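Comments concern the structure below.
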Amino acid sequence: MGLYGGAFDPPHNGHVAVAGAAKAHFGLPRLVVLVAAAPGHRDVYASPEIRLELARAAFPDDDVRLDHHARTIDLLRTGEFHDPLFVIGADQFCDFLAWKEPDAVLELAQIAVATRPGFPHERLQTVLRALEHPQRVVFFDLEPNPAASRDVRALAAAGKPLGGLVPPAVAALIEEHGLYRAD
């Protein structure tokens, strides 16, 4: 089973690409997409319910749920998921040592790291060398995607089109709800 978590504030084409590449590479028919209700690592701009609606629009073929655990280890300790494959991007993996109990996370889940061409592999190796269970980390390739949630929010605030950065259904919901507007 694959898990893919995030704030998804809003979900963008980069998120969708990571999910699609993970499903293809690991032969996963679906992912459980976990929308962090109150992420422990960043501020969010939209409510959990709105971000859940946006994520369901971005990942229509997956099981999209609201996650009330601020930290990954707390979710994994519930026992709901047995030895899942937890999908993250290379940038998140570079911060993995700052996660709450990263070695305990690796005892309960494998980590699948999406890497893109040109990403400095020494940064990934530095993290691997510091882990008790580096064999529980697997890497898969991903084509680069320039989308970033902060850019989507900035364009939405300016009332500019979001084409190419978010799935059309997400763009429609952002427009319908007037999300991320400066006013």
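Coordinate-derived values only; no laboratory data. Only a predicted model underlies this, so the values are computations on that prediction, with no experimental measurement involved. Methodologically, a virtual Cβ is constructed for each residue, glycine included, from the backbone with ideal geometry; neighbour enumeration extends over all protein chains shown.
Ordering HIS82, HIS15, HIS41 from the fewest to the most neighbouring beta carbons within 10 Å gives HIS82, HIS41, HIS15.
For the chain, the residue among PRO120, ILE73, PHE59 whose Cα projects farthest onto the positive side of the dipole built from Cβ charges is PRO120. Under 5 Å between amide hydrogens, built in the peptide plane, is the criterion, and for PHE86 it picks out LEU3, GLN110, ILE111, ALA112 among residues at least 5 positions away or on other chains. For region 2-176, a crude dipole built from +1 on the beta carbon of Lys and Arg and -1 on the beta carbon of Asp and Glu, taken about the Cα centre, is about 240 debye to the nearest 20. What whole number of Å gives the distance from the Cα centroid of region 49-78 to the Cα centroid of region 13-34? Here the two parts' Cα centres lie 14 Å apart. Backbone amide hydrogens, once placed in the peptide plane, bring ALA36 within less than 5 Å of GLY6, ALA7, ASP67, excluding anything fewer than 5 places away on its chain. Across all directions, the shadow cast by the convex hull of region 2-176 built on its C-alpha atoms averages 9.6 square nanometres. For region 90-137, the list of GluC sites (Glu not before Pro) that fall in a loop by DSSP and count at most 16 other C-beta atoms within 10 angstrom reads GLU132. Taking 7 Å steps out from each Cα toward its Cβ at PHE26 and ASP83 produces label points 1.3 nm apart. Relative to the current alpha-carbon distance between LYS160 and ARG65, full extension at 0.36 nm per residue lengthens the span by 31.3 nm.
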